[in-house]
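The values are calculated or read from the model by the stated rules, or taken from the named source; none is laboratory data. Given the structure is predicted, the values throughout are model-derived calculations rather than measurements. Cβ placement follows ideal geometry from the backbone for every residue including glycine, while neighbour counts extend to all protein chains displayed. These area figures cover heavy atoms from the full protein model, side chains too; ligands, DNA and RNA do not enter into them. Shrake-Rupley method; radii C 1.70, N 1.55, O 1.52, S 1.80 Å.
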Amino acid sequence: MTEEQPGSGTRPHPHHPASPESPAASGQGARPAAPEGFGHGAGPAPSGPVSGPEVPGPEVPPHQWDELPGPDGTPQGWPEYAEPPPEPSRVSPLMMLIDPVRNLRALILPLAGVLFVGGFSPTSIVWAAVGVGGAVVFAVVQWFTFRYQIIGDRLELTKSLIGRSVRTIPLDRIRGVDISTPPLHRLLGLVVLRIDTGATGGDEEEGELSGITKEEAARLKTLLMRRSRSAPAPEADATAVTVPPREQPADGGETKTPDRPQERVFSRVPRRWLRYGPLSGAYVLTPFAVIGAAVGLFFNWGREIGLGKEEGDAGLVRIARDAGLWLLDRPVLLAAVILLLVLAMPVVGGVMYALFNWQFTLLARGDHLVAERGLTTRRSVSLERRRVRGYEIVDSPTERIGKVARVWAIVTGLGNSQTRGQLLPVVPKSHAWEITAEAVTPFSSPLRPHPPAARRRALVRAIVPWLVAALVPGWIALTVGGWPWWTAAGVALGFAVLGVPLGLDHYRSLGHTYDGVRISVRSGSLRRSQAVIEKRAIVGWTLSQSWTQRRSGLLTVTAGVGAGTGGYAARDVATDDGVAFAADVTPDWIRPFLLTQPGEEKGA
């Protein structure tokens, strides 16, 4: 017969106010109200008996409910909100098939080195098999030791492989939840869920759940984003867009929360527009990136399999140099390789563009903007509309010739905005303006031109540096001679000539304006960017002048914004126009620093 412990069966719930483990008992402040389904409340316990169904959601369980759930379930009378947190969850067991394949990618070179160095002997094969088996065992152990769980107002990701590691992500810090489907995951019906908290300096507070089902990903995304919406948006004011969490029926009936947010499609990029992909310089240079990767792979594999092992890296360099000299001795073959690269640039660029932007769709889902894209890896990125402060329309010289552009959102608290903030790939510019007006904010005001002094400065900056660069090799070529110096001087002079149209194009790209609600600034030539920003997003101004700008009567006006890149500049504006521009947008901030108010003559 065992002795019954004192208080058996009536142990206080750890979140009960009377419990020594509770925040109230320890003198700490009460925690915020937890989402429904969890048993941490903020209010005091009622003093009298209260029946379960009559207890309001934000309160904690009364003192009558002081028993913990047992094998038979929760005690009788427990309300739904007072249920204890659920057990930690694991990702799908199918990850034990995916992770070994992903781990083997990092082991290919070492395993190949073991096999080549060992001459494919039985011993080397055994050691390679041990490496493969180790990758499988590591994947199994990794699956068993990883857990995730939503507890009250936070998401916990727990790893306990050797030491226990718990990453805690506050739900009110979550800025976005993205879902992607890499090829192996898609084959097994799984997805990858990534959580963005807008943290700077890396991904210290971000989390990833790789290998959950589509249904679980949809459930978690809805729960996480619903909880994050309960936090106030930064810089909220009377003009901020607010989205009610529930739909109010027109007939005055019972309030109902929809199971699935309503969707509105803004744009589906047709396949015929994929031909614009080669106009983007990033994709056109893909063949050269492939060549660079092949050279790096040669050196890595060379070290593993022992090429040039007597000389080390110098031996690998010698082999690469000999291959280059061999190719130079065969001009016909060299010309064929160069022609192949030139022809491959648009083809490979188009293929890579299609892989990343296949069936690009921009839609509104509830109070989020969602961008879905990708062929081999399908990705879905969500942006809270209340945090969108504007957009940026970007194009290159080749894209301007084709009258196309790309669009990024300007969003507060968004990490990795160049990847997550894209609203449209390369599309016709008229379509870009139409969709941004419908999905974000309309804008049609003409830009104010900049003075002729800005054109002179743009030409000087585009031409003079190359002329200076041509002086040294030109002087050496005249005094010493030698075709390398003549070649260097000729190349520099060629770039100086190209600087003329580049400088003129840079001047034509300059512009700024304010329409009473939002500002717009534009600059750049090789990468021209026009940003449209809501007035409420501006948190300050920076007016700067270089020595050459002061001599030309110009300045740069930068609007400080708590979103996007943090600042958007109107470059080379006339001094008076730049000050007036900032004063028009935020007069209360600028006018106290002016010697003469707008409309007054100097010296009055």
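Using only the C-alpha atoms, the convex hull of the stretch 468-577 corresponds to 129 Å³ per residue.
Given a 1.4 Å probe and every protein chain left where it sits, what share in percent of the accessible area of the stretch 353-498 is carbon and sulfur? That fraction is 68 percent.
Model label points for Arg167 and Ser544, set 7 angstrom from Cα along the Cα-to-Cβ axis, are 3.4 nm apart. Spin-label model, Val132/Arg400: points 7 Å from Cα along the beta carbon direction are separated by 5.6 nm. Highest average first, the peptides 477-488, 547-558 ordered by how many other beta carbon atoms sit within 10 Å of their residues are 547-558, 477-488.
Taking the highest mean first, how do the peptides 587-593, 187-193 order by number of other beta carbon atoms within 10 angstrom per residue?
187-193, 587-593
Scoring 383-391, 451-459, 327-335 by mean Cβ neighbours within 10 Å over their residues and listing the highest first yields 383-391, 451-459, 327-335.
First check a/c for the stretch 91-150, with a ≥ b ≥ c the square roots of the eigenvalues of its C-alpha gyration tensor; if it is under 1.5, answer rounded, and if not, answer prolate when a/b is larger than b/c or oblate otherwise. Because a/c hits 1.5 or more and a/b exceeds b/c, the stretch 91-150 counts as prolate.
Since only Ser520, Gly499, Leu510 are under comparison, the one whose Cα sits farthest along the positive direction of the charge dipole of the stretch 495-537, derived from C-beta charges on Lys, Arg, Asp and Glu, is Ser520. Compared with the alpha-carbon gap, the fully stretched path from Trp475 to Leu339 is longer by 45.5 nm at 0.36 nm per residue.
Of Lys429/Lys535; Lys403/Lys535; Lys159/Lys221, which pairs sit farther than 26 Å apart, going by alpha carbon to alpha carbon?
Details: Lys429/Lys535 24 Å; Lys403/Lys535 28 Å; Lys159/Lys221 21 Å.
Where the Cα-Cα span goes over 26 Å, the pairs concerned are Lys403/Lys535.
Semi-axes of the equivalent ellipsoid for the stretch 412-493, computed as √(5λ) from the eigenvalues of its C-alpha gyration tensor and ordered from largest down, come to 46, 20, 12 Å. Restricting the chymotrypsin sites (Phe, Trp or Tyr not before Pro) of the stretch 110-183 to loop positions (DSSP other than H, G, I, E, B) with no more than 13 neighbouring Cβ atoms within 10 Å leaves Phe120. The Cα atoms of the stretch 352-462 give a gyration tensor whose axes a ≥ b ≥ c have a/c of 1.5 or more with a/b greater than b/c, which makes the shape prolate. Take the Cβ atoms of Thr377 and Thr487, set R0 to 45 Å, and the FRET efficiency comes out at 0.55.
3J(HN,Hα) along the stretch 576-593, derived from phi through the Karplus expression 6.51 cos²θ - 1.76 cosθ + 1.60 where θ = phi - 60°, amounts to 5, 5, x, 5, 5, 4, 5, 5, 5, 6, 10, x, 5, 7, 9, 4, x, 9 Hz, with x in place of Gly and Pro. Surface exposure of the stretch 414-546, expressed per residue as accessible area with a 1.4 Å probe, stands at 49 Å².
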